[in-house]
1. Scan Arg72, Arg105 and give me the residue that is of a type in the set (D, E, K, R), closer than 22 Å to Leu251 by Cβ and in contact (Cβ under 8 Å) with a residue 24 or more places away in the chain.
2. Yes or no: Pro139 touching a residue at least 40 places away in the same chain (Cβ under 8 Å), touching a helix residue (DSSP H, G or I) at 6+ places or on another chain (Cβ under 7 Å), farther than 18 Å from Arg56 by Cα and of a type outside the set (Ser, Thr, Tyr)?
3. If you scan the stretch 158-179, which residues turn out to be of a type in the set (Ser, Thr, Tyr) and either crowded, with 22+ Cβ neighbours inside 10 Å or touching a Pro at 6+ places or on another chain (Cβ under 9 Å) (or both)?
4. From (1) over 25 Å from Arg311 (Cα atoms); (2) of a type in the set (D, E, K, R); (3) open to solvent by 10 Å² or more (accessible area, probe 1.4 Å), pick out the condition that doesn't hold for Arg20.
5. In the stretch 176-191, what residues are touching a helix residue (DSSP H, G or I) at 6+ places or on another chain (Cβ under 7 Å) and either part of a loop (DSSP other than H, G, I, E, B) or of a type outside the set (A, V, I, L, M, F, W, C) (or both)?
6. Would you confirm, using the coordinates I've provided, whether Asp116 is touching a residue at least 40 places away in the same chain (Cβ under 8 Å), out of contact with any strand residue (DSSP E or B) (no Cβ under 7 Å at 6 or more places or on another chain), over 30 Å from Arg374 (Cβ atoms) and charged (D, E, K, R)?
7. Can you name every residue in the stretch 108-129 that is surrounded by 24 or more Cβ atoms within 10 Å (Cβ to Cβ) and hydrophobic (A, V, I, L, M, F, W, C)?
8. Go through (1) under 26 Å from Gly106 (Cβ atoms); (2) open to solvent by less than 60 Å² (accessible area, probe 1.4 Å); (3) in contact (Cβ under 8 Å) with a residue 40 or more places away in the chain one by one and return the number of the condition Val15 breaks.
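The values are calculated or read from the model by the stated rules, or taken from the named source; none is laboratory data. Remember, predicted model here, so these are calculated numbers, not experimental data. Neighbour counts are summed over all protein chains in view; Cβ atoms, including those assigned to glycine, are modelled from backbone coordinates with ideal geometry. Just the protein is used for accessible areas: all its heavy atoms, side chains included, with ligands, DNA and RNA removed. Shrake-Rupley method; radii C 1.70, N 1.55, O 1.52, S 1.80 Å.
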Amino acid sequence: MGPDDAVPHPPGAEVASYPRCALLPGLINLHTHLELHGFRGAVPESDFSAWIQHMRRIRETTAGDAYLEGARDGLRESWRYGATTVADTGTSGATVRALAELGGRGLYFQEVLGPDPRDAEALLRGLVGVVEDLRQEAPPDVTVGVSPHAPYTVSSRLLELAVEYARDRGLQLASHVAESPAETAFVVRGEGPFAESWAARGFPLPAPAASAVRHAERAGLLGSDLLAVHVAQADEDDIALLARSASAVALCPRSNRRHGHGDPPLRQLLAAGVRLGLGTDSGVSVDSLDPLAEARAAQQLAGLSAERALRLATVDGARAIGMERDVGTLEPDKWADLCVLPLEPAGSAASEDVLERLLAAAPGPVAATWVAGRRVHGRSHAQPG
């Protein structure tokens, strides 16, 4: 690495030229649902409970091929926006297959749902079978973990069993935690649309907790192997608990705003030293799988510098999922995961800071994306070296 005249040019090496561009580490998207990508525009509801009910109906009538095609398209879109590593959550396993077929990198968390505690043991057996099969199928650059979906879709018994299984096998965990006011009403007061749905189906409500984060703590979910997704509804005590437990957090500010969840307490999480990164959520909730759009939202939300916001989408995201030795920065001995961003000339009123100019640019696909030294998106003036 270094200036062109200082870097060796081995015979036959490809030379890629990107005039008026900036080179960044490949971006890290900490929360996606790539298998749902084909349903963009199919769920217009913004109200979270109505949105979930609509998605449930779609899942009940969707065949597996649709999930695989969605995962392929979602991965290709991720590359168009410079994301070289995804932390994906799904129920079908299609993302593992798409990553293997297309040569992508990331984590896949197999989701488990089930509000009836009487089904917990059977659902765990099914989860174990799927996860172990996917681990055999996954290529070396894809790690498989476990995701108990959320407190309003998973009984306390199933949550405990899923956590115990993951920890016994050394698997990473992800879960939607403290995402919405409706979730808080469910776990704290046993009220709201989720509680009404459980009561209508005869499922016992979980014992009240002081907060959604406290509910996760009681089940043993918090820990250094957890990626807590959203955390938009967290107070000072919750943030301190996340920090003490060394849990990581994936923030999705654009998705939170789409569904009216409120903004995550980004400045407080940063001040507490919680490991943080950014996720887009699914293409059903947002209009692009663009980590830089999330970085811009985070910058505005917490008054961050461009450098600090970009760290959330790169090295901080890598640390959140334990991949900082391999990705997240441009350094020797790390994977050649790169994204190339057009760099507009600084005008008289524009900032001279390169990073500020990058974040101030109009949103859109990057110029090129490389995964492990292989170009997966974009073109270049390339010739033999």
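1. Only one candidate passes the filter, namely Arg105.
2. yes
3. Listed by number, the list holds a single entry, Ser175.
4. Of the numbered conditions (1) over 25 Å from Arg311 (Cα atoms); (2) of a type in the set (D, E, K, R); (3) open to solvent by 10 Å² or more (accessible area, probe 1.4 Å), the odd one out for Arg20 is (1).
5. Ala178, Ser180, Glu183, Thr184, Glu191 - these are the residues of the stretch 176-191 that are touching a helix residue (DSSP H, G or I) at 6+ places or on another chain (Cβ under 7 Å) and either part of a loop (DSSP other than H, G, I, E, B) or of a type outside the set (A, V, I, L, M, F, W, C) (or both).
6. yes
7. Once the filter is applied, which keeps residues that are surrounded by 24 or more Cβ atoms within 10 Å (Cβ to Cβ) and hydrophobic (A, V, I, L, M, F, W, C), the stretch 108-129 yields Phe109, Val112.
8. (1)
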